[in-house]
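Below is one structure, written out as structure tokens; the observations come after it.
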Amino acid sequence: MIQAKGYGATSKDSEIVPLEFNRKSLGESDVLIDILYCGICHSDIHTARGEWGAAIYPVVPGHEIVGKVMQVGASVTKFKVGDIAGVGVFVDSCRTCNPCKKGMEQYCEEGMVPTYNGYYRDKLTLTYGGYSNCYVIDEKYTLHIPQKENLAGVAPLLCAGITTYSPLKFAGVGKGHKVAVLGLGGLGHMAVKFAASFGAEVTMLSTSPSKEADAKKLGAHHFALSTDPAQMKALKGKFDFILNTVAAKHDMNKFLDLLTLDGKMLIVGIPPEESAYNAAKLISKRRSIIGSMIGGIAETQEMLDYCAAHNIYSDIELISAQDINKAYERVINSDVKYRFVIDMKTL
Ligand code: NAP
Ligand code: ZN
Ligand code: ZN
């Protein structure tokens with residue numbers, strides 16, 4: 001076992017506090033990463049607070065990890081000491097089922113091994129996330145980071161980036177499409193950047209009037225306040241796609257109305273409560289709802305390379321580890337610009 005330190009929750013009601021814990025030892029095909037930066041995803045909050053069901057405490061969250069390779073196992077060939085490496089939302093999968101063989105390990109039939117709050121395939125050893133000094137991971141599930149600078153702005157690509165890139169690619173979003181992004185937080189700001197970069201006409205749908213100027217700076221062509229019935233009415237039937245990133249309970253039907261014939265709502269947000277949809281709103285325009293979860297390892301690498309080639313980074317606020325609780329409150333209050341990233345030097 002490797003002695004590690006970090007920050008995590010000890011119960012669903014606990015604050016995020018300093019912790020010491022044991023990580024799995026370095027295996028033959030593993031790399032040991034010294035973590036430089038880790039983003040704060042809303043999923044960290046849902047999990048630490050038990051909003052998706054009971055977690056396995058203590059939970060050390062964090063799945064937007066960038067760091068430096070410090071040691072490699074005997075059979076490692078893809079990484080060497082000193083390389084900059086990334087870890088995303090999962091760190092292993094069965095490797096033999098159909099989704100795994102097709103490079104969609106996130107949909108593994110046995111369930112992916114999550115970066116935190118889960119068990120390795122031995123079903124005994126717990127995973128702890130990136131609010132920590134180090135991580136041990138199989139090289140097959142480790143990403144190469146091509147960027148040479150702004151590594152703090154790269155960390156959120158490992159979840160917020162791939163989670164929005166993948167459904168936009170799957171849907172074939174590009175020139176000539178009208179795309180709305182629902183919710184301007186961590187995922188939303190990356191969705192705006194990607195959709196605009198792919199050539200679509202992008203509208204930001206937000207509950208926060210104060211975010212209009214930022215939305216346009218991020219690449220949105222239009223901004224509408226989703227709480228204003230008049231603005232929503234004017235957008236009825238306008239969009240080919242809506243990428244829904246909302247993390248809290250909301251009325252999906254209000255937004256289904258904004259889709260055109262054959263329009264698609266791509267859902268990535270996971271509110272703790274179930275959502276209801278009105279069937280008539282789907283059938284009257286052959287609309288559909290599609291869910292999407294992060295992306296596979298190959299697609300995550302493709303996204304990182306795309307971002308490096310197109311100069312796409314996350315817009316972040318760099319914080320010290322001692323400010324994680326304050327950051328959580330701001331994320332919950334939709335006051336995030338547009339991803340908090342922990343500087344692991346402050347651990
Ligand atoms: P976030 O930074 O908190 O952003 C969510 C945004 O949604 C908020 O900033 C806010 O934007 C909007 N919003 C919040 N409450 C709302 C409400 N009641 N009604 C309408 N809009 C509301 O969260 P995130 O890190 O981007 O994550 C978003 C969701 O995606 C979370 O549920 C997370 O767990 C999930 N997630 C899913 C995947 C996946 O693989 N599918 C991966 C990562 C995260 P405005 O101020 O603009 O309204
Ligand atoms: Zn995430
Ligand atoms: Zn599998």
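Looking across ASP44, ASP30, one residue alone is open to solvent by less than 50 Å² (accessible area, probe 1.4 Å), among the acidic types (Asp, Glu) and farther than 22 Å from ILE324 by Cα. It is ASP30. All of GLY86, GLY67, GLY82 fail the test of being closer than 30 Å to TYR338 by Cα, in contact with a strand residue (DSSP E or B) (Cβ under 9 Å, 6 or more places away or on another chain) and in a loop (DSSP other than H, G, I, E, B), apart from GLY82. The set of residues in region 137-184 being assigned to a loop (DSSP other than H, G, I, E, B), open to solvent by 10 Å² or more (accessible area, probe 1.4 Å) and out of contact with any Gly (no Cβ under 9 Å at 6 or more places or on another chain) consists of PRO146, LYS148, GLU149, ASN150, ALA171, GLY172. Tally the residues that are within 12 Å of ligand 1 (Cβ to nearest atom), open to solvent by 20 Å² or more (accessible area, probe 1.4 Å) and in a helix (DSSP H, G or I), restricting the search to region 315-330. Number of matching residues: 2. A Cβ distance below 8 Å, combined with a sequence gap of six or more or placement on separate chains, defines the contacts here; from region 104-122, residues that are at positive phi reach residues that are within 12 Å of ligand 1 (Cβ to nearest atom) in the pairs ASN117/THR47; ASN117/PRO61.
Is there a residue in region 25-42 that is of a type outside the set (A, V, I, L, M, F, W, C), assigned to a helix (DSSP H, G or I) and within 19 Å of MET344 (Cβ to Cβ)? No - not one qualifying residue is present in region 25-42. Checked against (1) in a helix (DSSP H, G or I); (2) farther than 17 Å from LYS193 by Cα; (3) open to solvent by 50 Å² or more (accessible area, probe 1.4 Å); (4) away from ligand 3 (no atom under 16 Å from the Cβ), LYS285 passes all but a single condition, namely (1).
Evaluate the following for VAL81: is it of a type in the set (Val, Ile, Thr) and within 16 Å of ligand 2 (Cβ to nearest atom)? Judged against the criteria, VAL81 is not a match.
Being under 21 Å from ARG121 (Cβ atoms), surrounded by 15 or more Cβ atoms within 10 Å (Cβ to Cβ) and not charged (D, E, K, R) is true for just one of TYR107, TYR37. Which residue is that? Step by step, each of TYR107, TYR37 is checked, and only TYR107 is under 21 Å from ARG121 (Cβ atoms), surrounded by 15 or more Cβ atoms within 10 Å (Cβ to Cβ) and not charged (D, E, K, R). When ILE316, ILE290 are checked against the criterion of being touching a Gly at 6+ places or on another chain (Cβ under 7 Å) and among the β-branched types (Val, Ile, Thr), ILE316 stands alone in meeting it. Do we find that VAL60 is touching a strand residue (DSSP E or B) at 6+ places or on another chain (Cβ under 7 Å) and free of Cβ contacts under 8 Å to residues at least 60 places away in the same chain in this structure? So VAL60 does not fit the description; no. Screening region 187-202 for residues that are open to solvent by 10 Å² or more (accessible area, probe 1.4 Å) and in contact with a strand residue (DSSP E or B) (Cβ under 6 Å, 6 or more places away or on another chain) and picking the one that is farthest from ligand 1 (Cβ to nearest atom) gives GLU201. The set of residues from region 247-289 being among the β-branched types (Val, Ile, Thr) and away from ligand 1 (no atom under 11 Å from the Cβ) comprises THR260, ILE283, ILE289. In a residue-by-residue description of region 71-83, the property of being within 16 Å of ligand 1 (Cβ to nearest atom), among the hydrophobic types (A, V, I, L, M, F, W, C) and surrounded by fewer than 24 Cβ atoms within 10 Å (Cβ to Cβ) applies to no position. LEU261 fulfils the conditions (1) assigned to a loop (DSSP other than H, G, I, E, B); (2) out of contact with any helix residue (DSSP H, G or I) (no Cβ under 7 Å at 6 or more places or on another chain) except for a single criterion, (1). Applying the condition of being more than 16 Å from ligand 2 (Cβ to nearest atom) and touching a Lys or Arg at 6+ places or on another chain (Cβ under 7 Å) to region 84-131 and asking which residue is nearest to TYR37 (Cα to Cα) yields ILE84.
The values are calculated or read from the model by the stated rules, or taken from the named source; none is laboratory data. Note that the structure is a prediction, hence the values are computed from the model and not measured. FYI the Cβ positions are ideal-geometry reconstructions off the backbone, even for glycines, and counts take in every protein chain you see. Accessible surface is based on the protein model in full, side chains and every heavy atom, while ligands, DNA and RNA are left aside. Shrake-Rupley method; radii C 1.70, N 1.55, O 1.52, S 1.80 Å.
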